[in-house]
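Heads up: the structure comes next, in structure tokens.
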Amino acid sequence: MPEPSDDYRVVVFGAGAVGKSSLVLRFVKGTFQDNYVPTIEDTYRQVISCNKNICTLQITDTTGSHQFPAMQRLSISKGHAFVLVYSITSRQSLQELGSIFDMIKEVKGDLQGIPIILVGNKCDENDKREVSQAEGEAQAKMWRCNFLETSAKKNVNVSQLFQELLSLDKTRTMTVHLDGRSRSAMGSLRLKEKCQLM
Ligand code: GDP
Ligand code: MG
């Protein structure tokens, strides 16, 4: 039997200003801010049910490239699941994820069964797009991970992202409680949206 108090730890990585904090805040609090506030590493907690027990979903919002490698390693070794965020308006931000992916592979050894999602955020900014959806998908295929385009600003695919991440973990069944309702991470109560021009 798993410990009822077991935490499920999700770590969000990505270059500065790609929208990591915005995605986490949109998911946890339902809010969005247009001004940029650089983050000091922060962890948000939500109660979820996990194998029919109550447990805590911990989402760690990292500081991006300012994070020391030793801290990155520690977050990776403690993390159960990973969100790798780039901005579709910055090719550079996708390239920067390469070193983080390599570090996850190195620290975890075998990535089989470890939930990882590659996320192209800011899909509302299609006029400034530098990375096509196909390129994002191709990268995810190379890394054998899942892929989604999101907009924290317009609330596109944000809850889907976290639900999909939790449903990728086959070792436990997790349900997220949002807005007083319970949403099964296994189910498809909210279908993935095609991120399109807005
Ligand atoms: P972080 O450094 O990765 O945590 O990035 P932030 O979440 O602080 O966001 C950086 C900037 O991008 C802020 O000005 C946000 O308002 C903006 N931003 C975040 N997500 C989106 C999005 O989905 N669309 C648009 N247009 N802007 C976004
Ligand atoms: Mg931030």
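The values are calculated or read from the model by the stated rules, or taken from the named source; none is laboratory data. Because the structure is predicted, anything quoted here is derived from the model rather than measured. Because the Cβ atoms are built from the backbone with ideal geometry, glycine has one as well, and the counts that use them run over all protein chains shown. The protein model used for the area step is the full one, side chains on, heavy atoms only, and it has no ligands, DNA or RNA in it. Shrake-Rupley method; radii C 1.70, N 1.55, O 1.52, S 1.80 Å.
Tabulated results
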{"quantity": "Charge dipole magnitude, Cβ of K and R +1, D and E -1 - segment 32-125, Cα centre, debye nearest 20", "calculated": "360 debye"}
{"quantity": "Net dipole in debye of the chain [+1 Lys, Arg Cβ; -1 Asp, Glu Cβ; about Cα centre; nearest 20]", "calculated": "420 debye"}
{"quantity": "Over 26 Å (Cα to Cα) - which of K108/K194; K29/K105; K52/K154; K52/K78 fall in this group", "calculated": "K108/K194; K29/K105; K52/K154"}
{"quantity": "Surface share of carbon and sulfur [accessible, 1.4 angstrom probe, percent] for the chain", "calculated": "51 percent"}
{"quantity": "Options S151, I114, I88, ranked by Cα towards positive dipole end of segment 87-180, top entry (Cβ charges)", "calculated": "I114"}
{"quantity": "Choice from L57, L168, L74 showing the highest fluctuation, given a GNM over the chain with Cα pairs closer than 10 Å", "calculated": "L74"}
{"quantity": "Listed peptides 95-104, 20-29 by packing density, highest first (mean Cβ within 10 Å)", "calculated": "20-29, 95-104"}
